[in-house]
1. Tally up the residues in the stretch 213-229 that are charged (D, E, K, R) and either more than 25 Å from the chain's Cα centre (by Cα) or surrounded by fewer than 17 Cβ atoms within 10 Å (Cβ to Cβ) (or both), please.
2. Among the numbered criteria (1) over 24 Å from residue 282 (Cα atoms); (2) out of contact with any Lys or Arg (no Cβ under 6 Å at 6 or more places or on another chain), which single criterion is violated by residue 552?
3. Return yes when residue 210 is closer than 24 Å to residue 44 by Cα, among the small types (Gly, Ala, Ser), under 15 Å from the mean Cα position of the chain (by Cα) and not in a strand (DSSP E or B) and no when it is not.
4. Got a sec? Which strands (runs of 3 or more DSSP E) wholly within the stretch 443-533 have at least 3 residues that are modelled with pLDDT under 85 and among the charged types (D, E, K, R)?
5. So, restricting to strands (runs of 3 or more DSSP E) that lie completely within the stretch 223-277, which ones have at least 2 residues that are of a type in the set (A, V, I, L, M)?
6. Is there a residue being modelled with pLDDT under 90, on the phi < 0 side of the Ramachandran plot, buried (at least 20 other Cβ atoms within 10 Å of the Cβ) and among the charged types (D, E, K, R) anywhere in the stretch 105-118?
7. With respect to residue 474, is the statement that it is of a type outside the set (Gly, Ala, Ser) and touching an Asp or Glu at 6+ places or on another chain (Cβ under 8 Å) true?
8. Please identify the pairs in which a residue from the stretch 105-125 that is under 18 Å from residue 148 (Cα atoms) has its Cβ atom under 6 Å from the Cβ atom of a residue that is part of a helix (DSSP H, G or I) and of a type outside the set (Val, Ile, Thr), counting only partners at least 6 apart or on another chain.
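The values are calculated or read from the model by the stated rules, or taken from the named source; none is laboratory data. Computed from a predicted model, the values in this text were never measured in an experiment. Positions of Cβ are generated from backbone atoms using ideal geometry, with glycine treated the same way; all protein chains shown enter the neighbour counts.
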Amino acid sequence: MKQGNNSGQIRVLDQATVNKIAAGEVVERPASVVKELVENSIDAGAQGIRIDLMASKNEITSISVTDNGTGMGREDALLAFTPHATSKIGEISDLDTVRTLGFRGEALASIAAVARVTLVTRPRDNDLATGTRIVIAGGEVRENSAVGAPGGTSVLVEDLFFNTPARKKFQKSRATELSHVIGILEGIILAHPDIAFRLTYNGTEQVVTGRNATRLDTIARIYGADTARDLVPVSATAPLVAINGHISRPSLSRKDRDRIFLSINGRYVSSPAITNAIKEGYGTLLPKDRFPVAFLALEIDTNLVDVNVHPTKKLVRISREPEIAGVVREAVRKTLSGHDLIPDIRPIAAPRPIVADTPATMAALSHSNSYQFPVTKPPAVSEPTHTGVTDSDRRLRQTELAPGPAPAATLPPLRVIGEFGGIYILATTASGELLIIDQHAAHERILYELAGQQDGSGKRVQELITPVILHRTPRESAVLSELLPSLRNEGFQIEEFGKDTFLVRTVPIILGKLEDTSLLEDIISDLVSPDRGERVDNRERITRIVACRGAIKAGTVCTPEQCKRVADQLRLTKNPFTCPHGRPTIIRFTREQLDGMFKRS
């Protein structure tokens, strides 16, 4: 701070400037206006809310939000534009129990400070009352009059940021601003499926939902029936939180978190901790770089939720957050464990049929655009090799050595009918489904579950006749040295053997007789490489790598008997649907889907 004897350096800002500064925190863009006005309508008990946007070539020019809520009398209507005037709380202690969406008393005053606002309102439950019309521009009241009006409230916002050109300059294209509006509305609508919403843009309907719809119906309205079909319901009740909603099967995932919608006590919010808990609940059902689709509504004791963290009220602070996140994680895990997660193939456009090779049709084909096989190099004949058969037998023997009684099968009996490309096993079920099994992903899942059955204290190990010496770089040595205790718990007895050198004495028995030391090199190389942001502990990471490296390799042609052993072992796993990295192990074609592809009626 500048020091000196000069007076007049500190001054109290005028109210207009204060309001504009407040508006900068609350009103960032047109979507902020929509959010604040719609939340006010919900708090007013509206059963139907209509949002109308008008835009010119370059920008959104007006926002209108109309509801059939409780409405207001003239005195309250004018007071509503006063900074920090609110009907939601009366004293500081009310913040501990607030359940309304707006309570700070900043929204209308902030919007009116940077736009031209027209409010028309009348009490809904008083047919004799007169409506009120108030017009405010830049925070100044231009009109306050009586008017005929239906019960409820309508707010029209025009010329947003007309008196704050710097803020107006940073608005994006109208398409971008519209996408932000729809994004905000989607979250609010999903949190309140019992309210009818209608959004129009230059007179064209964009989003329409019905009153008293189920959440799943609302999801189908917004995201389509295909998305709704890939969802499973979630419901859980614990002392701290009640959870209801829907999550996607692993076959429906995204590269980002944008389709994870959370509401807490009816408020659409963001919570990184809860979002991470949802992802973690999928465990190995999803790759680390994929995220599920989820629509969850949480009810939490208001004393544990602080919604006063940010002016826009999007972020919340949750007390006992780790415990609540744990309940969410377990609810997701249990829900998924009780469902058939084999992905179905969606109907696709069938290729043009291959016609019979009669002289006439062959002549016609040579002069038409009918179906042509792609010109590729003829593949070599794929046959099981002696080395491949021996290696596959060794690997399959290890996964048949699970201790204890055989577990219950999670898949129906499978009849193997062939293999394709040294990668895929073809099988059928008694119900007539065709299953395609990724042999590497399937065996990786089998190994993963076998490796995770025992705690470190009971891990079965195999001593190497000749210890293996590993040489690492200085960086890799530092990482490996820290991992030695975790590796020991998983069956790897590894000792430091001089500078940047290690001696391996034992390995987990599921790796079998270690005839090829390159397998061990591969495992250690994977372990000391960057984890690329995986949120798993050392034991989980080691188990996944061992399973991946110990499984039958893609491209290894298996004999019919070996294919059957893979299918039979997969049936006995707890989670046969994905490999430990989240890739699917099985794809299903139903008879109806195949008939559709071949245009059979």
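1. 3
2. Among (1) over 24 Å from residue 282 (Cα atoms); (2) out of contact with any Lys or Arg (no Cβ under 6 Å at 6 or more places or on another chain), the lone unmet condition for residue 552 is (2).
3. No; evaluated as a whole, the condition is false for this residue.
4. Working: elements: 461-471, 493-496, 501-508.
Where strands (runs of 3 or more DSSP E) fall fully within the stretch 443-533, none carries at least 3 residues being modelled with pLDDT under 85 and among the charged types (D, E, K, R).
5. Values: elements: 231-237, 241-248, 260-264, 267-269.
By residue number, 231-237, 241-248, 260-264.
6. Yes: the stretch 105-118 contains one or more residues that are modelled with pLDDT under 90, on the phi < 0 side of the Ramachandran plot, buried (at least 20 other Cβ atoms within 10 Å of the Cβ) and among the charged types (D, E, K, R).
7. On the way: of a type outside the set (Gly, Ala, Ser): yes; touching an Asp or Glu at 6+ places or on another chain (Cβ under 8 Å): yes.
It is true that residue 474 is of a type outside the set (Gly, Ala, Ser) and touching an Asp or Glu at 6+ places or on another chain (Cβ under 8 Å).
8. Going by the 6 Å Cβ cut-off, the qualifying pairs are 121/77.
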